Amino acid sequence: MKHVWLALALALSCSGPGESWGAEPQSVADYFKDANVALEKGAINEAIDLYELMADHGLKHPDASFNRGVAYVRRAESKQERPGDLGRAAAALSETLLLRPDDAEASDALRLVREEIGRRRARQGAQQVSASPSLARSAVAILDESSWALLAGLGSLMLTTGLALRLWWQRATTRLSGGVLALLGGILLVVCAAFALGARYFRTTSRPAIVVSSEARLLDETGKPKSIQGNSAVVEGERVHMVEERGALAKIEWGTTEGWVNRSQLMLLDH
């Protein structure tokens, strides 16, 4: 596994910026080029600053996010390592997957980063605890919101067509076919509309984030450590959903667990 991890530390996406970069491509291209040159020269902190500058200005691109993740991995493997570097690498790679969901390289890299976090915690005698998303989030995430809406629209069309066949045709077989079509369309409409509403609810009421500190202790709304059974902290690199922000605190969902953490321990995955 060591050689695989080192391969990730050496990886770098050098594909140049193209039309997909959006507005001000020359400015973005300069940022990207300068950051890549700095990273290749070993000026890791300078490269990270440039990649982060791009993100702070809303200049998002999957290649830039991937390279930012590589930069944090390289710093985590160097004497310049800072706490939370691997968490920030996980955040950058997660951002890559939001921007380019079919990126197998980013997916593999994210898995390797989390495995390395687990190995480092194991060497310190700490557990690496992960939480799966809630059943509701997992269900609506099977498709995106627009796909659920399209399927609901198809269900509505099937329902309307089926009812029309039953009402306007006299042949028994046609009326039977219309009834079946209406039934199936109604089920598809109700189920997919509910999932589309669920996807919209999660999209508008929460924001995905990654823990970028060694661990984020779960707190109550007053900021005091939360007394719960089981895990009392979310470990570095874990994905959570921020549902509320109040001053220096943020309320999160981590699997089926809810609690508050320090907002500075999270990096939001907006795109």
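Counting the residues of segment 74-106 that are more than 11 Å from the chain's Cα centre (by Cα) and assigned to a helix (DSSP H, G or I) gives 11. Among the conditions (1) of a type outside the set (Val, Ile, Thr); (2) part of a helix (DSSP H, G or I); (3) under 12 Å from Gly237 (Cβ atoms), Glu46 misses just one, which is (3). In segment 144-172, the residues that are closer than 24 Å to Asp102 by Cβ form Cβ pairs under 7 Å with partners that are aromatic (Phe, Trp, Tyr) and open to solvent by 50 Å² or more (accessible area, probe 1.4 Å), at six or more places apart or across chains, as follows: Trp148/Phe195. Candidates are the residues of segment 207-233 that are open to solvent by less than 60 Å² (accessible area, probe 1.4 Å) and assigned to a strand (DSSP E or B); the one that is modelled with the lowest pLDDT is Ala233. Anything in segment 51-63 that is in contact with a Phe, Trp or Tyr (Cβ under 6 Å, 6 or more places away or on another chain) and either open to solvent by 10 Å² or more (accessible area, probe 1.4 Å) or of a type in the set (Asp, Glu) (or both)? List them, or say none. The one that is in contact with a Phe, Trp or Tyr (Cβ under 6 Å, 6 or more places away or on another chain) and either open to solvent by 10 Å² or more (accessible area, probe 1.4 Å) or of a type in the set (Asp, Glu) (or both): His61. Inspection of segment 139-161 finds no residue satisfying the criterion of being at pLDDT below 90 and either surrounded by 17 or more Cβ atoms within 10 Å (Cβ to Cβ) or among the charged types (D, E, K, R) (or both).
The values are calculated or read from the model by the stated rules, or taken from the named source; none is laboratory data. All values derive from a computational prediction rather than experimental measurement. Quick reminder, even Gly has a Cβ in these numbers, built from the backbone with ideal geometry, and neighbours come from all protein chains shown. Remember, those area values only see protein heavy atoms, side chains included, never the ligands or the DNA or RNA. Shrake-Rupley method; radii C 1.70, N 1.55, O 1.52, S 1.80 Å.
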